[in-house]
1. Can you tell me which residue is farthest from residue 220 (Cα to Cα) among those in the stretch 260-285 that are open to solvent by 70 Å² or more (accessible area, probe 1.4 Å) and over 21 Å from the mean Cα position of the chain (by Cα)?
2. Looking at the stretch 168-194, which of its residues are at pLDDT 90 or above, aliphatic (A, V, I, L, M) and within 21 Å of residue 313 (Cβ to Cβ)?
3. Having 2 or more residues that are touching a residue at least 60 places away in the same chain (Cβ under 8 Å) is the bar; report the strands (runs of 3 or more DSSP E) wholly within the stretch 210-279 that clear it.
4. What helices (runs of 4 or more DSSP H) lie completely within the stretch 1-102 and have 1 or more residues being over 25 Å from residue 146 (Cα atoms)?
5. Can you pull out every residue in the stretch 151-181 that is in a loop (DSSP other than H, G, I, E, B) and open to solvent by less than 40 Å² (accessible area, probe 1.4 Å)?
6. Failed condition for residue 239, given (1) of a type in the set (Gly, Ala, Ser); (2) at pLDDT 90 or above; (3) crowded, with 23+ Cβ neighbours inside 10 Å; (4) over 18 Å from the mean Cα position of the chain (by Cα), with all others met?
7. Being touching a Lys or Arg at 6+ places or on another chain (Cβ under 9 Å) and under 20 Å from residue 284 (Cα atoms) is the filter here; which residues of the stretch 222-239 pass it?
8. What residue, of 130, 115, 75, is open to solvent by less than 20 Å² (accessible area, probe 1.4 Å), over 21 Å from the mean Cα position of the chain (by Cα), more than 23 Å from residue 23 (Cβ to Cβ) and in contact (Cβ under 8 Å) with a residue 12 or more places away in the chain?
Amino acid sequence: MADLPTGTVTFLFTDLEGSTELAHRLEDAWHGVLVEHRSLVRAAVNDSNGSEIDCRGDEFFVAFDDAGAAAEAAVAAQRSMAKHPWPEDTELRIRMGMHTGQAIYADQDYLGIDVHRAARICFAGHGGQVLMSEATQALLPDDLERRELGSYKLRGLPGSERIYQLLAPGLGTEFPPLRGVDEDGDRPPALRVVLADDSVLLREGIALLLEHAGFEIVGQSDDADDLLVKVDEMKPDVAVVDIRMPPGHGDDGLRAAGMIRERYPQTGVLLLSQYAEPAYARELIAGSPEKVGYLLKDRVSDVTGFADAVRRIAAGEVVLDPEIQL
(Lines give C-alpha, C1' and ligand atoms only; values in the text may rest on other atoms or scores of the structure.)
Protein backbone atom coordinates (compact mmCIF):
# COMPACT_ATOMS: atom_id res chain seq x y z
CA MET A 1 0.00 0.00 0.00
CA ALA A 2 1.76 3.15 -1.23
CA ASP A 3 1.98 6.70 0.16
CA LEU A 4 0.41 5.99 3.54
CA PRO A 5 0.59 8.74 6.17
CA THR A 6 3.61 8.54 8.44
CA GLY A 7 4.69 10.29 11.61
CA THR A 8 1.72 11.88 13.37
CA VAL A 9 -1.42 10.30 11.91
CA THR A 10 -5.13 10.71 12.59
CA PHE A 11 -6.96 7.39 12.60
CA LEU A 12 -10.69 7.29 11.79
CA PHE A 13 -12.92 4.30 12.46
CA THR A 14 -16.54 4.02 11.31
CA ASP A 15 -19.19 1.46 12.21
CA LEU A 16 -22.77 1.08 10.97
CA GLU A 17 -25.16 1.04 13.92
CA GLY A 18 -27.57 -1.90 14.13
CA SER A 19 -26.22 -3.61 11.03
CA THR A 20 -27.21 -7.13 12.12
CA GLU A 21 -30.84 -6.11 12.61
CA LEU A 22 -30.78 -4.24 9.30
CA ALA A 23 -29.42 -7.29 7.47
CA HIS A 24 -32.21 -9.48 8.83
CA ARG A 25 -34.93 -6.94 8.08
CA LEU A 26 -33.81 -5.96 4.59
CA GLU A 27 -32.96 -9.53 3.53
CA ASP A 28 -32.08 -9.54 -0.21
CA ALA A 29 -31.88 -5.73 -0.31
CA TRP A 30 -29.17 -5.65 2.36
CA HIS A 31 -26.28 -6.30 -0.03
CA GLY A 32 -27.14 -3.31 -2.20
CA VAL A 33 -27.62 -1.07 0.83
CA LEU A 34 -24.23 -2.11 2.22
CA VAL A 35 -22.54 -1.36 -1.11
CA GLU A 36 -24.17 2.09 -1.23
CA HIS A 37 -23.01 2.80 2.34
CA ARG A 38 -19.46 1.85 1.44
CA SER A 39 -19.53 4.04 -1.67
CA LEU A 40 -20.65 7.10 0.32
CA VAL A 41 -17.98 6.65 2.98
CA ARG A 42 -15.25 5.99 0.41
CA ALA A 43 -16.19 9.10 -1.57
CA ALA A 44 -15.89 11.29 1.52
CA VAL A 45 -12.55 9.69 2.47
CA ASN A 46 -11.12 10.09 -1.03
CA ASP A 47 -12.23 13.72 -1.28
CA SER A 48 -10.23 14.47 1.89
CA ASN A 49 -7.17 12.49 0.76
CA GLY A 50 -7.60 9.74 3.33
CA SER A 51 -6.07 6.28 3.02
CA GLU A 52 -8.40 3.31 3.45
CA ILE A 53 -6.54 0.74 5.53
CA ASP A 54 -9.27 -1.84 5.98
CA CYS A 55 -12.95 -2.39 5.27
CA ARG A 56 -14.71 -5.36 6.81
CA GLY A 57 -18.47 -5.74 6.61
CA ASP A 58 -19.91 -2.38 7.61
CA GLU A 59 -16.75 -0.99 9.27
CA PHE A 60 -13.93 1.21 7.93
CA PHE A 61 -10.42 1.92 9.21
CA VAL A 62 -8.91 5.03 7.58
CA ALA A 63 -5.74 7.10 8.12
CA PHE A 64 -5.11 10.80 7.45
CA ASP A 65 -1.99 12.90 7.69
CA ASP A 66 -4.11 15.87 8.81
CA ALA A 67 -6.68 15.91 11.65
CA GLY A 68 -8.74 18.60 9.94
CA ALA A 69 -9.02 16.49 6.79
CA ALA A 70 -10.20 13.53 8.89
CA ALA A 71 -12.89 15.69 10.50
CA GLU A 72 -14.02 17.01 7.11
CA ALA A 73 -14.30 13.46 5.78
CA ALA A 74 -16.33 12.41 8.82
CA VAL A 75 -18.75 15.32 8.43
CA ALA A 76 -19.11 14.76 4.67
CA ALA A 77 -19.81 11.04 5.16
CA GLN A 78 -22.40 11.72 7.85
CA ARG A 79 -24.18 14.27 5.66
CA SER A 80 -24.16 11.92 2.67
CA MET A 81 -25.58 9.09 4.77
CA ALA A 82 -28.32 11.37 6.13
CA LYS A 83 -29.37 12.64 2.68
CA HIS A 84 -29.19 9.34 0.81
CA PRO A 85 -32.54 7.81 -0.28
CA TRP A 86 -32.44 4.53 1.62
CA PRO A 87 -35.23 1.93 1.29
CA GLU A 88 -38.57 2.90 2.84
CA ASP A 89 -38.67 2.95 6.65
CA THR A 90 -34.89 2.44 6.80
CA GLU A 91 -32.34 4.76 8.38
CA LEU A 92 -28.63 4.04 8.24
CA ARG A 93 -26.54 5.75 10.91
CA ILE A 94 -22.80 5.37 11.38
CA ARG A 95 -20.79 6.01 14.51
CA MET A 96 -17.31 7.47 14.05
CA GLY A 97 -14.25 7.91 16.22
CA MET A 98 -10.93 9.68 15.68
CA HIS A 99 -7.62 9.71 17.52
CA THR A 100 -4.28 11.23 16.57
CA GLY A 101 -1.00 9.55 17.47
CA GLN A 102 2.24 8.15 16.15
CA ALA A 103 1.98 5.78 13.21
CA ILE A 104 3.64 2.39 13.58
CA TYR A 105 3.38 0.73 10.18
CA ALA A 106 4.51 -2.89 9.84
CA ASP A 107 3.41 -6.00 7.99
CA GLN A 108 1.05 -3.96 5.78
CA ASP A 109 -0.89 -2.57 8.72
CA TYR A 110 -0.84 0.18 11.34
CA LEU A 111 -0.09 -1.14 14.81
CA GLY A 112 0.04 0.20 18.34
CA ILE A 113 -2.10 1.57 21.14
CA ASP A 114 -3.13 4.67 19.17
CA VAL A 115 -4.98 2.50 16.64
CA HIS A 116 -6.86 0.71 19.42
CA ARG A 117 -7.68 4.02 21.11
CA ALA A 118 -9.28 5.34 17.92
CA ALA A 119 -11.33 2.15 17.53
CA ARG A 120 -12.54 2.26 21.15
CA ILE A 121 -13.57 5.89 20.78
CA CYS A 122 -15.60 4.96 17.71
CA PHE A 123 -17.39 2.09 19.44
CA ALA A 124 -18.18 4.31 22.43
CA GLY A 125 -20.42 6.47 20.22
CA HIS A 126 -23.83 6.19 18.63
CA GLY A 127 -25.08 6.27 15.05
CA GLY A 128 -24.74 9.76 13.58
CA GLN A 129 -22.16 10.80 16.19
CA VAL A 130 -18.52 11.79 15.52
CA LEU A 131 -16.23 11.47 18.54
CA MET A 132 -12.58 12.36 18.97
CA SER A 133 -9.79 12.32 21.49
CA GLU A 134 -8.12 15.27 23.18
CA ALA A 135 -5.15 14.83 20.84
CA THR A 136 -7.32 15.13 17.73
CA GLN A 137 -9.46 18.05 18.83
CA ALA A 138 -6.34 20.04 19.75
CA LEU A 139 -5.23 19.87 16.10
CA LEU A 140 -8.53 20.91 14.51
CA PRO A 141 -8.92 24.40 13.03
CA ASP A 142 -10.89 26.85 15.14
CA ASP A 143 -13.82 26.95 12.72
CA LEU A 144 -14.64 23.29 13.41
CA GLU A 145 -16.89 23.29 16.46
CA ARG A 146 -16.65 20.58 19.10
CA ARG A 147 -18.18 19.85 22.48
CA GLU A 148 -16.33 18.33 25.42
CA LEU A 149 -18.21 15.30 26.77
CA GLY A 150 -15.96 14.54 29.72
CA SER A 151 -13.22 12.13 30.74
CA TYR A 152 -13.85 8.41 30.32
CA LYS A 153 -12.09 5.12 30.99
CA LEU A 154 -12.25 3.14 27.76
CA ARG A 155 -12.35 -0.58 28.39
CA GLY A 156 -9.08 -2.39 27.94
CA LEU A 157 -6.98 0.79 27.71
CA PRO A 158 -4.86 2.39 30.43
CA GLY A 159 -5.75 5.77 31.91
CA SER A 160 -8.65 8.03 31.08
CA GLU A 161 -9.47 9.74 27.79
CA ARG A 162 -11.10 13.14 27.41
CA ILE A 163 -13.71 12.74 24.66
CA TYR A 164 -15.10 15.44 22.37
CA GLN A 165 -18.02 15.44 19.93
CA LEU A 166 -17.72 17.12 16.55
CA LEU A 167 -20.51 19.59 15.81
CA ALA A 168 -21.48 20.71 12.31
CA PRO A 169 -24.61 21.66 10.36
CA GLY A 170 -26.45 18.53 9.27
CA LEU A 171 -25.14 16.43 12.17
CA GLY A 172 -27.07 15.41 15.27
CA THR A 173 -26.21 17.13 18.52
CA GLU A 174 -27.91 15.10 21.26
CA PHE A 175 -27.09 11.44 21.88
CA PRO A 176 -27.39 8.92 24.73
CA PRO A 177 -24.47 8.46 27.17
CA LEU A 178 -21.33 6.98 25.70
CA ARG A 179 -21.04 3.21 25.49
CA GLY A 180 -18.15 1.03 26.65
CA VAL A 181 -17.25 2.94 29.81
CA ASP A 182 -16.07 0.81 32.71
CA GLU A 183 -18.52 0.72 35.59
CA ASP A 184 -17.42 1.21 39.20
CA GLY A 185 -17.84 -1.43 41.86
CA ASP A 186 -16.38 -4.79 42.79
CA ARG A 187 -16.46 -7.50 40.17
CA PRO A 188 -15.13 -11.06 40.17
CA PRO A 189 -11.81 -11.58 38.34
CA ALA A 190 -12.44 -11.53 34.60
CA LEU A 191 -11.32 -14.32 32.30
CA ARG A 192 -8.21 -13.12 30.46
CA VAL A 193 -8.11 -13.40 26.66
CA VAL A 194 -5.50 -12.87 23.93
CA LEU A 195 -6.83 -12.19 20.40
CA ALA A 196 -4.99 -12.95 17.16
CA ASP A 197 -6.21 -11.88 13.72
CA ASP A 198 -4.55 -9.84 10.99
CA SER A 199 -7.60 -7.56 10.64
CA VAL A 200 -7.64 -4.80 13.26
CA LEU A 201 -11.36 -4.28 12.56
CA LEU A 202 -12.24 -7.86 13.41
CA ARG A 203 -9.92 -7.90 16.44
CA GLU A 204 -11.46 -4.71 17.84
CA GLY A 205 -14.96 -5.98 17.19
CA ILE A 206 -14.29 -9.21 19.08
CA ALA A 207 -12.47 -7.30 21.83
CA LEU A 208 -15.43 -4.98 22.39
CA LEU A 209 -17.86 -7.89 22.33
CA LEU A 210 -15.90 -9.86 24.92
CA GLU A 211 -15.20 -6.86 27.14
CA HIS A 212 -18.89 -6.01 27.25
CA ALA A 213 -19.46 -9.63 28.26
CA GLY A 214 -17.04 -9.24 31.19
CA PHE A 215 -13.77 -10.60 29.77
CA GLU A 216 -10.40 -8.84 30.01
CA ILE A 217 -8.45 -8.52 26.76
CA VAL A 218 -4.80 -8.74 27.81
CA GLY A 219 -3.21 -8.80 24.37
CA GLN A 220 -3.83 -8.50 20.63
CA SER A 221 -1.65 -9.84 17.84
CA ASP A 222 -1.73 -9.56 14.06
CA ASP A 223 0.58 -12.49 13.31
CA ALA A 224 1.28 -15.95 14.68
CA ASP A 225 4.77 -15.17 15.95
CA ASP A 226 3.59 -12.25 18.08
CA LEU A 227 0.70 -14.37 19.34
CA LEU A 228 3.15 -16.86 20.86
CA VAL A 229 5.01 -14.00 22.51
CA LYS A 230 1.78 -12.55 23.95
CA VAL A 231 0.66 -15.93 25.32
CA ASP A 232 4.06 -16.50 26.92
CA GLU A 233 3.99 -13.06 28.53
CA MET A 234 0.35 -12.86 29.61
CA LYS A 235 -0.59 -16.52 30.29
CA PRO A 236 -4.24 -15.92 29.30
CA ASP A 237 -7.16 -18.19 30.12
CA VAL A 238 -8.09 -18.39 26.42
CA ALA A 239 -6.43 -17.48 23.11
CA VAL A 240 -8.84 -16.69 20.24
CA VAL A 241 -6.94 -17.34 17.02
CA ASP A 242 -7.63 -16.95 13.29
CA ILE A 243 -6.42 -20.01 11.36
CA ARG A 244 -4.97 -18.09 8.40
CA MET A 245 -2.56 -15.38 9.52
CA PRO A 246 0.78 -13.79 8.74
CA PRO A 247 3.62 -14.28 8.40
CA GLY A 248 2.88 -17.10 5.95
CA HIS A 249 -0.84 -16.40 5.39
CA GLY A 250 -1.41 -20.16 5.42
CA ASP A 251 -2.30 -22.25 8.44
CA ASP A 252 0.03 -20.22 10.68
CA GLY A 253 -2.71 -19.69 13.26
CA LEU A 254 -3.44 -23.42 13.44
CA ARG A 255 0.25 -24.24 13.98
CA ALA A 256 0.55 -21.54 16.64
CA ALA A 257 -2.56 -22.94 18.35
CA GLY A 258 -0.91 -26.38 18.46
CA MET A 259 2.19 -24.87 20.07
CA ILE A 260 0.07 -23.08 22.66
CA ARG A 261 -1.71 -26.30 23.59
CA GLU A 262 1.64 -28.09 23.92
CA ARG A 263 3.52 -25.39 25.84
CA TYR A 264 0.71 -23.81 27.86
CA PRO A 265 -1.91 -26.49 28.63
CA GLN A 266 -3.61 -24.15 31.11
CA THR A 267 -4.57 -21.84 28.21
CA GLY A 268 -7.66 -22.75 26.21
CA VAL A 269 -7.64 -22.18 22.44
CA LEU A 270 -10.54 -21.09 20.22
CA LEU A 271 -9.81 -21.25 16.49
CA LEU A 272 -11.82 -19.06 14.12
CA SER A 273 -12.17 -19.94 10.45
CA GLN A 274 -13.89 -18.50 7.41
CA TYR A 275 -14.81 -21.99 6.25
CA ALA A 276 -15.61 -25.32 7.92
CA GLU A 277 -12.48 -27.46 7.70
CA PRO A 278 -12.96 -30.66 9.75
CA ALA A 279 -9.35 -31.77 9.25
CA TYR A 280 -8.12 -28.69 11.11
CA ALA A 281 -10.56 -29.33 13.95
CA ARG A 282 -9.39 -32.95 14.23
CA GLU A 283 -5.76 -31.85 14.28
CA LEU A 284 -6.44 -29.31 17.02
CA ILE A 285 -8.29 -31.77 19.27
CA ALA A 286 -5.92 -34.70 18.73
CA GLY A 287 -4.18 -35.83 21.91
CA SER A 288 -6.01 -33.53 24.31
CA PRO A 289 -9.81 -33.17 23.88
CA GLU A 290 -10.29 -30.36 26.38
CA LYS A 291 -10.05 -26.55 26.61
CA VAL A 292 -10.37 -26.16 22.85
CA GLY A 293 -12.86 -24.90 20.28
CA TYR A 294 -13.38 -24.35 16.54
CA LEU A 295 -15.99 -21.89 15.26
CA LEU A 296 -16.81 -20.21 11.99
CA LYS A 297 -16.28 -16.45 12.06
CA ASP A 298 -19.98 -15.92 11.36
CA ARG A 299 -20.69 -17.12 14.92
CA VAL A 300 -19.11 -13.96 16.34
CA SER A 301 -22.33 -12.09 15.49
CA ASP A 302 -24.17 -14.25 18.06
CA VAL A 303 -22.84 -12.24 20.99
CA THR A 304 -24.26 -14.39 23.78
CA GLY A 305 -23.35 -17.68 22.11
CA PHE A 306 -19.82 -16.58 21.28
CA ALA A 307 -19.09 -15.33 24.80
CA ASP A 308 -20.52 -18.55 26.23
CA ALA A 309 -18.22 -20.58 23.96
CA VAL A 310 -15.15 -18.76 25.29
CA ARG A 311 -16.26 -19.37 28.89
CA ARG A 312 -16.87 -23.07 28.22
CA ILE A 313 -13.43 -23.47 26.67
CA ALA A 314 -11.81 -21.75 29.68
CA ALA A 315 -13.70 -24.20 31.90
CA GLY A 316 -12.21 -27.20 30.05
CA GLU A 317 -14.89 -28.04 27.47
CA VAL A 318 -14.60 -28.74 23.74
CA VAL A 319 -16.75 -26.41 21.59
CA LEU A 320 -17.22 -27.20 17.90
CA ASP A 321 -19.18 -25.36 15.24
CA PRO A 322 -22.37 -27.19 14.21
CA GLU A 323 -21.01 -27.23 10.64
CA ILE A 324 -18.08 -29.41 11.72
CA GLN A 325 -18.65 -33.14 11.34
CA LEU A 326 -15.74 -35.11 12.79
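1. Out of the qualifying residues, it is 282.
2. Those that are at pLDDT 90 or above, aliphatic (A, V, I, L, M) and within 21 Å of residue 313 (Cβ to Cβ): 191, 193, 194.
3. Details: elements: 216-221, 238-242, 268-273.
Once the strands (runs of 3 or more DSSP E) in the stretch 210-279 are filtered for at least 2 residues that are touching a residue at least 60 places away in the same chain (Cβ under 8 Å), what remains is 216-221, 238-242.
4. Working: elements: 19-26, 30-47, 67-83.
Correct list: 19-26, 30-47.
5. Passing the criteria: 155, 157, 168, 171, 172, 178, 180.
6. (4)
7. Filtering the stretch 222-239 for residues touching a Lys or Arg at 6+ places or on another chain (Cβ under 9 Å) gives 222, 224, 228, 231-232, 234-239.
Result: 224, 228, 231, 232, 235, 236, 237, 238, 239.
8. Working: 130 fails: over 21 Å from the mean Cα position of the chain (by Cα); 115 fails: over 21 Å from the mean Cα position of the chain (by Cα).
Being open to solvent by less than 20 Å² (accessible area, probe 1.4 Å), over 21 Å from the mean Cα position of the chain (by Cα), more than 23 Å from residue 23 (Cβ to Cβ) and in contact (Cβ under 8 Å) with a residue 12 or more places away in the chain holds for just one of 130, 115, 75, which is 75.
The values are calculated or read from the model by the stated rules, or taken from the named source; none is laboratory data. What you see is a predicted model, and the numbers here were worked out from it, not measured in a lab. Cβ sites come from the backbone with ideal geometry, for glycine too, and all protein chains shown count toward neighbours. Please note that ligands, DNA and RNA were not included when accessible areas were found on the heavy atoms of the full protein model with its side chains. Shrake-Rupley method; radii C 1.70, N 1.55, O 1.52, S 1.80 Å.
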